[in-house]
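Asks: Next up is a structure, given as structure tokens.
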Amino acid sequence: MSNSIPDNEATEADGVQDETGAAPTDGAPTDGAPTDGAPNDGAPSDIRGVLVQVAGARLLLPNATIAEVLSYAPPAPIANAPRWLLGQIRWRGWNLPMIAFGELSGLAREPGGLGSKVVVLKALSAASRLPYFAMLTQGFPRLVTVSASGLYLQSREDEVMPLGVQARVRLNDDAALLPDLEAVEAMIGEALAQAA
């Protein structure tokens, strides 16, 4: 059984668009002050995002990166893979590597089980061998509107981020991490190459 998150739930009337495919973090202040909310260079001021709960953290992802949300089923194991690479799942004719982001980043152990979901993500890197990969999540992802006035950058320039994380943010009242999906894809590729 699977549930899809639509790529564009918003109507033209509410002005929410997700064409950029990325959260508007450029220009966000580092002191926790909100941005002025003014769109720059004609870019949309609001986009659709998704808050995804993983072990030890909540991730903020662009809605456009999520292909589908699936019910959890144990993946087929991959020999000699790191613990965060849980195995492979079959999806639409593809064998997708499934990761536990909490374990990859060193935040928390992340076993799958009752209530867990699997988010299928579109690969961003042109160098990626697979167009998709899967991530274990704790519960169903939540659609959110990401506006420049509601997004605060909370990490400092000199702060060391967990592996696979590019920034700490606050979206309205929700603390979240912005994952570095291209770095995660590269780690998956290296782990699959070493396990082969």
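Asks: Might you check whether a residue that is surrounded by fewer than 21 Cβ atoms within 10 Å (Cβ to Cβ) and either among the acidic types (Asp, Glu) or within 16 Å of the chain's Cα centre (by Cα) (or both) occurs anywhere in region 146-155?
Replies: No: zero hits.
Asks: For region 156-169: of the residues being over 15 Å from the mean Cα position of the chain (by Cα) and either touching a residue at least 60 places away in the same chain (Cβ under 8 Å) or within 19 Å of ILE99 (Cβ to Cβ) (or both), which is least open to solvent (accessible area, probe 1.4 Å)?
Replies: MET161
Asks: Tell me, which residue of region 173-186 that is without any contact (Cβ under 8 Å) to a residue 24 or more places away in the chain and not hydrophobic (A, V, I, L, M, F, W, C) is surrounded by the fewest Cβ atoms within 10 Å (Cβ to Cβ)?
Replies: Out of the qualifying residues, it is ASP173.
Asks: Mind checking which residues of region 129-144 are among the hydroxyl-bearing types (Ser, Thr, Tyr) and either open to solvent by 50 Å² or more (accessible area, probe 1.4 Å) or in contact with a His (Cβ under 7 Å, 6 or more places away or on another chain) (or both)?
Replies: Residue satisfying the conditions is TYR132 alone.
Asks: Also, I was wondering about something else. Scanning region 79-107 for residues that are in a loop (DSSP other than H, G, I, E, B) and of a type in the set (S, T, N, Q), which turns out surrounded by the most Cβ atoms within 10 Å (Cβ to Cβ)?
Replies: SER105
Asks: Would you be able to say whether some residue in region 59-75 is within 27 Å of ALA175 (Cβ to Cβ), among the charged types (D, E, K, R) and without any contact (Cβ under 8 Å) to a residue 60 or more places away in the chain?
Replies: Scanning region 59-75, I find no residue that is within 27 Å of ALA175 (Cβ to Cβ), among the charged types (D, E, K, R) and without any contact (Cβ under 8 Å) to a residue 60 or more places away in the chain, so the answer is no.
Asks: Take region 108-123 and flag every residue that is surrounded by fewer than 17 Cβ atoms within 10 Å (Cβ to Cβ) and closer than 20 Å to GLY49 by Cβ.
Replies: LYS122 - this is the single residue of region 108-123 that is surrounded by fewer than 17 Cβ atoms within 10 Å (Cβ to Cβ) and closer than 20 Å to GLY49 by Cβ.
The values are calculated or read from the model by the stated rules, or taken from the named source; none is laboratory data. Given the structure is predicted, the values throughout are model-derived calculations rather than measurements. FYI the Cβ positions are ideal-geometry reconstructions off the backbone, even for glycines, and counts take in every protein chain you see. Remember, those area values only see protein heavy atoms, side chains included, never the ligands or the DNA or RNA. Shrake-Rupley method; radii C 1.70, N 1.55, O 1.52, S 1.80 Å.
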